[in-house]
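Here the structure comes first, spelled out in structure tokens, and everything after it is commentary.
The values are calculated or read from the model by the stated rules, or taken from the named source; none is laboratory data. Source: prediction; values computed, not measured. Ideal geometry is used to build each Cβ from the backbone, glycine not excepted, and the neighbour counts take in all protein chains shown. Each accessible area value is taken on the protein alone, full model and side chains, heavy atoms only, with ligands, DNA and RNA left out. Shrake-Rupley method; radii C 1.70, N 1.55, O 1.52, S 1.80 Å.
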Amino acid sequence: MAEALSALGEWERSDYAGTLRSEDAGRVVTVMGWVHGRRDHGGVIFIDLRDRSGLVQIVLDPERSALAHAAGAGVRLEFVIAVRGTIVPRSPETVNPDLATGAIEVVGDEVRILNSARPSPFPVDDAIDAAEAVRLRYRYLDLRRPRMFRNLWLRHRLAARTRGYLDAHGFVEVETPVLTRSTPEGARDYLVPSRVNPGTFFALPQSPQLFKQMLMVAGVDRYYQIARCFRDEDLRADRQPEFTQIDLEMSFLGRPAIFRLMEGLVAELFAEADVAMPPLPLPVLGYAEAMARFGCDRPDTRFGLELVDCAPVFAGSGFKVFADALAKGGTIKAIVAPDGSQLSRKDLDDLTEFVAIYGAKGLAWIRVNPDGWQSPIVKFLSDDERARLTAAAGLVPGNVVMLVADTPRIVHDALAALRLRLGAKLGMIDERKKHLVWVTDFPLFEYDEEHRRHVAVHHPFTAPVEEDLDTLERDPLAVRAQAYDLVLNGTEIGGGSVRIHQPTVQARVFGVLGIGAEEAQDKFGFLLEALASGAPPHGGLAFGFDRLVMLLAGEESIREVIAFPKTQKAMDLMTEAPSTVDARQLRELGIKLDR
RNA sequence: GGGGUCGUAGUUCAGCCGGUUAGAACGCCUGCCUGUCACGCAGGAGGUCGCGAGUUCGAGUCUCGUCGGCCCCGCCA
């Protein structure tokens, strides 16, 4: 049967459903929203009405209003209704303590059914048991769930607070182009063909990097933008092809002042999210120290299990695996689990399998039992080595030592991952804790074995540390960058640098990167000219806004804080983008497909 | 590009060692029910077991391929 729909008419909402309280008793209210639940007792009908603020119970009594009751009998889940009625305190035995509005209910006098709804493909409820593909296909229903709206709301509040803070500190919000130029270096670009200039392409920005530097040259002095960025790379739980950065740049400020301003911003955002902020100033960790202690440049500092350098222990070792690794310029490091009784033989086998993901060919382990060492490798170790290892790692009975011997890259990757996994498994990570740390003094370059050239660790516009300038060409890998990341519980939430503001330095860095004068002029001519036009010293950074919201919302995936995210194959299941296009569109663009 | 995992009713899942009629709960439909809030009671409809090959007397179940979701490695300045 077709239920009779009503027009909204002259009705206006008086209150959000979830905000009603005992103090409202006696008021006549008009509430509007979705039918979240319906309990029809034949006589009286209860309807849970949901809007973005929460739920309130509507009571429809045939003796009070036969019309309202009849309307209520016709509604189904997710119908859109408006109810006019009176707030009445519930009798004590019918109070629902699980509901914010549970002390009262709305006794309905008139019900307008504003729209019907087909049966929902999944319950619009915070129970998160619908498959993500189904949620994404019907994202508009998924977003009706209170948890999802809470995330959207938090995101909005954090953006608003960001604008407020930056405005108060003299930052100017400037929009930069989304249709821009493809540049070498960095991630794969999303390309947009130009119809007017056949055969040429715009790129969507990986970040507004060069534009914000131009704004500094322009004298804007302090710039920010909550900017959409695009990178055509493979996705992860914390990576989407389009994502949002709080992008900032400042002139005439060095690192200390930049840190101070940014710490102030982060503190505001933590406050907005009602999350305890660590004391300021935040700790600063050098890249070299981070790598040595944690094996990675974004350490989770909430727990120990730090790496132990065992290369000196096994110098000249008779154990072939260790000796070979060292001979080839590799290293040996270890993690010590304090209480080995928490790790079964099977656990150790699983961990061996786990580190293999990162290229480690094995995980040597040693149980330090009170009556001696138990280990597959103990027979290969000399008494000296055992003594040195005991001293280096501070071993006491009960410990389990896990060692990886390989190239530094593999040792660090494997042990950094192992450390996180062990920390979780051994219950050493306090989820309530929030640890923020700056990581600084990154190398300016690293060597790309595949392409046999130096590449920028951060980006090609990052300033070298001044006292390292002399060795730029002679020993590029030893040059430190004036770059910094902000790390929250092991996740990089922001990163930036002091930029090069002198054209000569920029040209030298391009040189190390293998970008000759001609190519530099072709691709970055505007930058070099701008730097030569009175560029002030400047620097800045960008926060990964999605990640920050995710962490402050307590979510595990960035998709939970993005209204319409894409799947791991970069598809939008709701609109079914990307899609093929008409032959005519391609013809206009001068594009022929070869598959 | 690679590894792992999942795919059965609208949804979440079960389905043994391959065995002939594929189940449950919630949702949906019909009827009953005046204080529920996971309302209750009675009845009913609903299935291309992701898709395609193969093995077999017989495949939801085994094999191969393929498509898709998620996690990870590579990649992501």
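Output the residues belonging to segment A:456-479 that are away from RNA strand B (no atom under 13 Å from the Cβ) and in contact (Cβ under 8 Å) with a residue 40 or more places away in the chain. Even if it seems obvious, please write down each step before you answer.
Of all residues in segment A:456-479, those away from RNA strand B (no atom under 13 Å from the Cβ) come to A:463-479.
Correct list: A:Ala463, A:Pro464, A:Leu472.
If the condition is being among the hydroxyl-bearing types (Ser, Thr, Tyr) and under 19 Å from A:Asp24 (Cβ atoms), then segment A:62-95 contributes A:Thr86, A:Ser91, A:Thr94. When segment A:460-509 is limited to residues that are assigned to a helix (DSSP H, G or I) and hydrophobic (A, V, I, L, M, F, W, C), the one that is nearest to A:Pro536 (Cα to Cα) turns out to be A:Val505. In segment A:105-122, which residues are away from RNA strand B (no atom under 11 Å from the Cβ), open to solvent by 60 Å² or more (accessible area, probe 1.4 Å) and within 41 Å of the chain's Cα centre (by Cα)? A:Asn115 - this is the single residue of segment A:105-122 that is away from RNA strand B (no atom under 11 Å from the Cβ), open to solvent by 60 Å² or more (accessible area, probe 1.4 Å) and within 41 Å of the chain's Cα centre (by Cα).
When A:Glu560, A:Glu556 are checked against the criterion of being within 11 Å of RNA strand B (Cβ to nearest atom) and outside any loop (DSSP other than H, G, I, E, B), a single residue qualifies: A:Glu560.
A quick yes/no check of all residues on (1) open to solvent by less than 10 Å² (accessible area, probe 1.4 Å); (2) within 35 Å of the chain's Cα centre (by Cα); (3) aliphatic (A, V, I, L, M):
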site	(1), (2), (3)
A:Glu518	no, no, no
A:Val549	yes, yes, yes
A:Leu552	no, yes, yes
A:Ile558	yes, yes, yes
A:Ala577	no, yes, yes
A:Lys592	no, no, no
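When segment A:237-290 is filtered for residues that are outside any helix (DSSP H, G or I) and open to solvent by 60 Å² or more (accessible area, probe 1.4 Å), the ones remaining, listed by number, are A:Arg239, A:Phe252, A:Asp274, A:Ala276, A:Pro279, A:Leu280, A:Pro281, A:Pro283, A:Val284. Each residue in segment A:139-148 was checked for being in contact (Cβ under 8 Å) with a residue 60 or more places away in the chain, open to solvent by less than 40 Å² (accessible area, probe 1.4 Å) and in a loop (DSSP other than H, G, I, E, B), and 1 pass.
Each row is one residue, and each column tells you yes or no for (1) at pLDDT below 95; (2) within 28 Å of A:Met277 (Cβ to Cβ).
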residue: A:Leu420; (1), (2): no, yes
residue: A:Leu444; (1), (2): no, no
residue: A:Gly514; (1), (2): yes, no
residue: A:Glu518; (1), (2): yes, no
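Summed over segment A:51-95, residues that are under 24 Å from A:Leu141 (Cα atoms) and of a type outside the set (A, V, I, L, M) total 10. Taking segment A:330-381 as the range and being of a type in the set (Gly, Ala, Ser), in contact (Cβ under 8 Å) with a residue 40 or more places away in the chain and open to solvent by 20 Å² or more (accessible area, probe 1.4 Å) as the test, the residues that pass are A:Ser341, A:Gly359, A:Gly362.
Within segment A:187-222, being of a type in the set (Gly, Ala, Ser) and touching a Pro at 6+ places or on another chain (Cβ under 9 Å) holds for A:Gly199, A:Gly219. Just so you know, in segment A:43-67 the residues that are among the aliphatic types (A, V, I, L, M) and open to solvent by 50 Å² or more (accessible area, probe 1.4 Å) include one that is nearest to RNA strand B (Cβ to nearest atom), and it is A:Ala66.
The condition (being open to solvent by less than 20 Å² (accessible area, probe 1.4 Å) and not assigned by TED's automatic domain parsing to the domain that holds A:Val266) is satisfied by just one residue among A:Val404, A:Val396: A:Val404. Starting from residues that are of a type in the set (S, T, N, Q) and farther than 14 Å from A:Gly494 by Cα, keep the ones in segment A:226-264 and report whichever is nearest to RNA strand B (Cβ to nearest atom). Here the answer is A:Gln240.
Inspection of segment A:149-167 finds a residue satisfying the criterion of being open to solvent by 60 Å² or more (accessible area, probe 1.4 Å) and either within 15 Å of RNA strand B (Cβ to nearest atom) or over 23 Å from the mean Cα position of the chain (by Cα) (or both). Quickly run through segment A:5-37 and pick out the residues that are within 15 Å of RNA strand B (Cβ to nearest atom) and either crowded, with 18+ Cβ neighbours inside 10 Å or within 18 Å of A:Asp126 (Cβ to Cβ) (or both). Hits for segment A:5-37 are A:Ala17, A:Gly18, A:Leu20, A:Trp34, A:Val35, A:His36, A:Gly37. Scanning segment A:170-208 for residues that are more than 16 Å from RNA strand B (Cβ to nearest atom) and either among the aliphatic types (A, V, I, L, M) or open to solvent by less than 70 Å² (accessible area, probe 1.4 Å) (or both) yields A:Gly170, A:Phe171, A:Val172, A:Val174, A:Leu179, A:Val192, A:Pro193, A:Ser194, A:Val196, A:Gly199, A:Thr200. Scanning segment A:68-99 for residues that are within 14 Å of A:Leu49 (Cβ to Cβ), within 7 Å of RNA strand B (Cβ to nearest atom) and open to solvent by 70 Å² or more (accessible area, probe 1.4 Å) turns up A:Arg76, A:Leu77.
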